[in-house]
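The values are calculated or read from the model by the stated rules, or taken from the named source; none is laboratory data. This structure is a prediction, so every number in the text was calculated from the model and none was measured. No Cβ is skipped: glycine too gets one built from the backbone with ideal geometry, and neighbour counts run over all protein chains shown. To get the accessible areas, we keep the full protein, side chains included, count just its heavy atoms, and leave off ligands, DNA and RNA. Shrake-Rupley method; radii C 1.70, N 1.55, O 1.52, S 1.80 Å.
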Amino acid sequence: MLSLMHHPADAIVDVLDLADQLKASPEWPTPLAGKSVALIFEQPSTRTRVSFEVGIARLGGHPVVLAGRDMQLGRGETIEDTAKVLSRFVDAIVIRTVDHGKVMELAEHADVPVINALTHAHHPCQGLADIMTIRERFGDPAGIRAAYVGDGNNCCHSLMVVGAQLGMEVVAGCPAGYLPDPEVVATADAIAREHGGFVRVVEDPREAVADARAIYTDVWVSMGDEGQEGERERIFAPYQVNDALMDAAAPDVIALHPLPAHDGLEITRSVYHGPRSAIWDEAENRLYVQAALLTHLLGEA
Ligand code: CP
């Protein structure tokens with residue numbers, strides 16, 4: 001599960017339906033009993049690590065958390081060899097690393113499912129939580145408009161892809177030089193049009209949020225972009241999600257952000273701690289979508 005670009009929309013809806021069921025259930029089934037899942041982190045994480053570790057335990061499985069630097073991978077063992085060995089021990093591999101090619105290579109050589117827990121190109125687990133949150137607030141996402149404002153990064157890509165699969169209208173407002181990958185946009189737009197939606201990119205943030213019922217932003221300096229803080233803060237300043245930008249969207253608009261947030265940069269505290277924020281539900285929903293995904297991949301509920 002590397003990007004959700006190649007998964008049938010029905011399978012994504014099944015995962016979201018199961019995530020809703022898990023959220024509503026105090027007692028979870030244990031389809032992962034006797035199963036182990038490796039969680040490799042080459043980059044820091046709070047939400048992804050805790051939600052996967054807790055979710056796997058609640059499903060009856062055993063999470064094996066590995067810091068990339070503590071593995072032989074950090075001393076030059078190849079991805080291919082790591083994939084082959086881990087496949088003999090565990091039932092799935094979850095990995096966070098900057099290089100998307102590394103995750104693709106891991107998946108190519110692993111005999112067990114591989115889940116992308118964030119690369120520079122895609123953050124599909126986050127995208128699932130974003131759409132679960134939109135479904136909770138508005139019902140069927142088909143035809144609902146979501147605006148992504150800021151850096152055309154991995155979260156922007158994943159919102160486009162998952163939104164497209166569910167027939168949403170996704171409009172990204174990003175400055176020149178920081179636009180989403182045109183290949184991802186074209187693929188997502190083609191998927192969206194099959195399902196009655198579209199994906200579009202504009203440079204004006206106010207144009208992007210017109211009629212949007214969800215405004216989504218992310219950090220201006222992603223993991224792997226460190227050292228560009230000053231230039232990025234200057235370029236992205238007009239793309240800040242503040243009360244004025246929220247007021248330019250639909251009357252029932254919600255704010256989304258994958259977190260961690262930076263008050264006064266990409267978003268203001270008045271928005272992310274305010275009444276229009278769905279951000280804390282969005283963070284919580286990581287637990288349910290990932291548990292549903294693991295159930296879908298490894299067992300039956
Ligand atoms: N949104 C997200 O992936 O959070 P973490 O970096 O804390 O895992």
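Could you tell me whether any residue of segment 3-20 is in contact (Cβ under 8 Å) with a residue 12 or more places away in the chain, buried (at least 16 other Cβ atoms within 10 Å of the Cβ), outside any helix (DSSP H, G or I) and within 16 Å of the ligand (Cβ to nearest atom)?
yes
When residues of segment 120-141 are filtered for being open to solvent by 10 Å² or more (accessible area, probe 1.4 Å) and either touching an Asp or Glu at 6+ places or on another chain (Cβ under 6 Å) or away from the ligand (no atom under 16 Å from the Cβ) (or both), how many remain?
Looking only at that region, the number is 6.
Which of the residues spanning segment 31-59 are part of a loop (DSSP other than H, G, I, E, B) and in contact with a Lys or Arg (Cβ under 8 Å, 6 or more places away or on another chain)?
Within segment 31-59, Glu42, Gln43, Ser45 qualify.
Identify, by number, the condition in (1) buried (at least 22 other Cβ atoms within 10 Å of the Cβ); (2) more than 21 Å from Gly60 (Cβ to Cβ); (3) touching a residue at least 60 places away in the same chain (Cβ under 8 Å); (4) not polar (S, T, N, Q) that Ile279 doesn't meet.
Here Ile279 meets the rest and fails (3).
Does segment 261-271 include one or more residues that are touching a strand residue (DSSP E or B) at 6+ places or on another chain (Cβ under 9 Å), under 17 Å from Leu159 (Cβ atoms) and assigned to a loop (DSSP other than H, G, I, E, B)?
Within segment 261-271, one or more residues are touching a strand residue (DSSP E or B) at 6+ places or on another chain (Cβ under 9 Å), under 17 Å from Leu159 (Cβ atoms) and assigned to a loop (DSSP other than H, G, I, E, B).
Which ones in segment 241-260 are surrounded by fewer than 20 Cβ atoms within 10 Å (Cβ to Cβ) and either of a type in the set (S, T, N, Q) or part of a loop (DSSP other than H, G, I, E, B) (or both)?
Asn242, Ala248, Ala250, Pro251, Asp252, Leu259, Pro260
Among the numbered criteria (1) open to solvent by less than 10 Å² (accessible area, probe 1.4 Å); (2) away from the ligand (no atom under 16 Å from the Cβ), which single criterion is violated by Pro113?
Among (1) open to solvent by less than 10 Å² (accessible area, probe 1.4 Å); (2) away from the ligand (no atom under 16 Å from the Cβ), the lone unmet condition for Pro113 is (1).
Can you tell me which residues in segment 60-70 are touching a Leu at 6+ places or on another chain (Cβ under 6 Å) and either in a strand (DSSP E or B) or among the β-branched types (Val, Ile, Thr) (or both)?
Residues satisfying the conditions are Pro63, Val65.
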